[in-house]
Amino acid sequence: MYVKFWGVRGSVPVPGKDTIFFGGNTTCVEIHTSDNQLMVIDAGTGIRLLGNELLKGDFGKGAGNMHLFFTHTHWDHIQGFPFFMPAYIGERDANGKRVPGTCNHLSLYGASDVDKRLDATLRGQMEHFYFPVDLEYLNASISFHSLEENSVKLGNVRVSARKLKHPNGVLGYRFEDAGKVFAFATDCEHPEDGSMDPGILDLAKDADVLVYDAQYTPEEYNPALIGKKGLSKVGWGHSTPVEGAKIATVSNVKKLFLTHHDPLHNDDQIHNMEKMAQELFPNSLAAYEGLVLDI
Ligand SMILES: [Zn+2]
Ligand SMILES: [Zn+2]
């Protein structure tokens, strides 16, 4: 699998001189499988840049095909979608019907209990209150698919989903391709009792790569735990580098990448959080925009 990170920021895009190293775009990851399929996780603002790159190939000619897996529909995971130019490529006949062979095809996947909401939510953020172009005007053919806590086989690749802990729910994913495993779990909170989420353990088991939400330091997450005062983030649906390192160790993961960096954290602070993870699990790295992995 070829994997590229196009957005690793959580919550809101943060361009600026203090976020140049890790980047300011929100979640989007591109995966090219060994059988040459394009799979993408989330449509945060990073997907805009991916789209521009894809236009140089089949997607520029209306001959592209991709599978887009949504973890959930919070803003930072869908806001790039209206700016994903391959969704606009295609031709219509005089009746407005898409002309076969001229339109890109996008298969969109979301959790079954929010499936209709995936459609409604993407449509909603393109209503005229928010955006000038309606979803119906996109010329690419778009299909919606629901994913329960199960798996789909696409070509040679098995994609498994697990529901994880986040306000309104979130899916974590495990991609298995030619004996290699890429696991992705963002916007997931660890259990309060010190245990580990069985869903994450399923996804991460023996993974070559685990990408894990590490938005907060343990102190930011729950200041009271170490006797400090401050705003608690318990229940907000995010985790820490320490929890990521624990899961990676127990799950026999080969390499851990931290993601969903807090918009309040500059590059130096994220480097410090990377060190925090490395002290517990040496093969850790904070993911940055443009990072490419060959798995
Ligand atoms: Zn998020
Ligand atoms: Zn979220």
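No lab work stands behind these numbers, since they all come straight from the coordinates. Small disclaimer: the values here were computed from a predicted structure and weren't measured. All Cβ positions, even for glycine, are placed from backbone atoms using ideal geometry, and neighbour counts span all protein chains on display.
Counting only DSSP H runs of at least 4 residues, each contributing -39500 (n - 2.57), and dividing by the residue count of the chain, the helix-based mean residue ellipticity at 222 nm comes to -5000 deg cm²/dmol. So for segment 106-248, taking the charge dipole from beta-carbon charges (+1 Lys/Arg, -1 Asp/Glu), which of Ile226, Phe182, Ser239 sits furthest toward the positive end? Positive-end residue among those listed: Ile226. Here the peptides 78-84, 44-50, 175-181, 91-97 are ranked by packing, the mean other Cβ count within 10 Å, and the order with the highest first is 44-50, 78-84, 175-181, 91-97. If you bin all the Cα-Cα distances of segment 163-231 at 10 Å, starting from zero, the percentages per bin are 19, 43, 27, 9, 2.
Put a plus charge on the Cβ of each Lys and Arg, a minus charge on the Cβ of each Asp and Glu, and nothing anywhere else: the dipole of segment 2-294 about its Cα centre is then about 340 debye. Only lysine pairs 8 or more places apart or on separate chains count here, and in segment 181-255 those with Cα atoms under 25 Å apart total 7. Both radii come from the Cα set of the chain: Rg as radius of gyration, Rh as Kirkwood radius; their ratio Rg/Rh reads 0.97. Since only Ser251, Tyr88, Ile41 are under comparison, the one whose Cα sits farthest along the positive direction of the charge dipole of the chain, derived from C-beta charges on Lys, Arg, Asp and Glu, is Tyr88.
For the chain, the share of DSSP beta bridges that are antiparallel, to the nearest 5, is 50%. When the Cα atoms of segment 245-295 are aligned to their principal axes, the ranges along those axes come out at 31, 24, 14 Å in descending order. Each Cα pair under 8 Å and six or more residues apart adds its separation to the average, and for segment 2-294 the resulting relative contact order is 17 percent.
Evaluating kT/(6 pi eta Rh) at 10 °C and 1.306 mPa s, with the Kirkwood radius of segment 81-169 over Cα pairs in the Stokes-Einstein relation, gives 107 µm² s⁻¹. Dividing the Cα radius of gyration of segment 11-85 by its Kirkwood radius returns 1.00 for Rg/Rh. Once Rh is set to the Kirkwood radius over Cα pairs, what Stokes-Einstein translational diffusion coefficient, in µm²/s, holds for segment 1-148 at a temperature of 4 °C and a viscosity of 1.567 mPa s? For these conditions, the coefficient is 83 µm²/s. What does DSSP give for segment 1-101 in terms of the percent of beta bridges that are antiparallel, rounded to the nearest 5? Counting DSSP beta bridges with both partners in segment 1-101, the antiparallel share is about 65 percent. Per-residue packing, averaged as other Cβ atoms within 10 Å, sorts the ranges 207-219, 250-262, 155-167 into the order 207-219, 250-262, 155-167, beginning with the highest.
Put simply, the Cα atoms of segment 219-275 extend 36, 25, 19 Å along their principal axes, the longest span coming first. In straight-distance terms, cross-link reach from Lys165 covers every one of the aspartates and glutamates whose alpha-carbon lies under 16 Å from its own, apart from those fewer than eight places away in the same chain; here that gives Asp113, Glu148, Glu149, Asp187, Glu189, Glu192, Asp193, Asp197, Asp202, Asp213, Glu243.
By the equivalent-ellipsoid construction on the alpha carbon gyration tensor, segment 166-285 comes out with semi-axes of 23, 16, 13 Å, ordered largest to smallest. Counted residue by residue at 0.36 nm each, then reduced by the alpha carbon distance between them, the extension gain from Asn95 to Tyr137 reaches 13.8 nm.
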